Amino acid sequence: MANFFNDNKALRYHLHHPLMEKIVAMKERDYTDSEKFDYAPLDFADAMDSYEKILEITGEICAETIAPNAESVYKEGPHHKDGRVAYASKTQENIDVARKAGLFGVSMPRRFGGLNLPNTTFSMMSEMIA
């Protein structure tokens, strides 16, 4: 099964860059969110495991749904319907799959329902989706 994260060595390089330990500790406020949120990482290894799993899920969605839908999205495009702009049907499918996977709000702080991902990780997700 194709996966836009697992198949891209450059993305893996950035995830495991030596500065990530410092970046993650700052973003995770020295892992104090784990006292308030049961899904917050306890330490660096736990955070990296979570980030990697999120990136793998994103990579799978990109390879299995978004990429195969791209031509249809381009051909149909957004259109005017009942006085409103409507997404192409495959765009709506892409959005639904990403929403069901919990990928909306990934860079938002946990106190707002997000996953608190560092910008580095969020940028990797954006690169795969683009």
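Numbers at a glance
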{"quantity": "Under 17 Å from LYS36, Cα to Cα: aspartates and glutamates that are on another chain or at least 8 residues apart", "calculated": "GLU28, ASP46"}
{"quantity": "Computed [θ] at 222 nm, deg cm²/dmol, the chain (DSSP H ≥ 4; -39,500 (n - 2.57); rounded to nearest 500)", "calculated": "-15500 deg cm²/dmol"}
{"quantity": "Cα-Cα P(r), the chain, percent of pairs per 10 Å interval", "calculated": "12, 38, 30, 15, 6, 0"}
{"quantity": "Cut-off under 5 Å, modelled amide H: who pairs with ALA86 long-range", "calculated": "HIS79, HIS80, LYS81"}
{"quantity": "Mean Cβ count within 10 Å, highest first, over the residues of peptides 43-49, 54-60", "calculated": "54-60, 43-49"}
{"quantity": "Entries in LYS9/LYS90; LYS27/LYS53; LYS53/LYS100; LYS22/LYS100 that, when Cα-Cα distance is taken, lie over 24 Å", "calculated": "LYS9/LYS90; LYS22/LYS100"}
{"quantity": "At q = 0.17, 0.23 Å⁻¹, base-10 log of I(q)/I(0) for the stretch 1-67 (Debye sum, equal scatterers on each alpha carbon)", "calculated": "-0.66, -0.94"}
{"quantity": "Span-rule helices in the chain, defined as complete DSSP H runs reaching 24 Å or more along the axis (Cα) with Kyte mean at least 0.0", "calculated": "44-61"}
{"quantity": "Amide H contacts under 5 Å for PHE5, placed H, 5+ residues apart", "calculated": "GLY59, GLU60"}
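Laboratory data are not the source of any read-out in this text; all were calculated from the coordinates shown. No experiment lies behind these values; they were computed from the predicted model shown. As a convention, Cβ positions derive from the backbone with ideal geometry for all residues, glycine included, and neighbour counts pool all protein chains shown.
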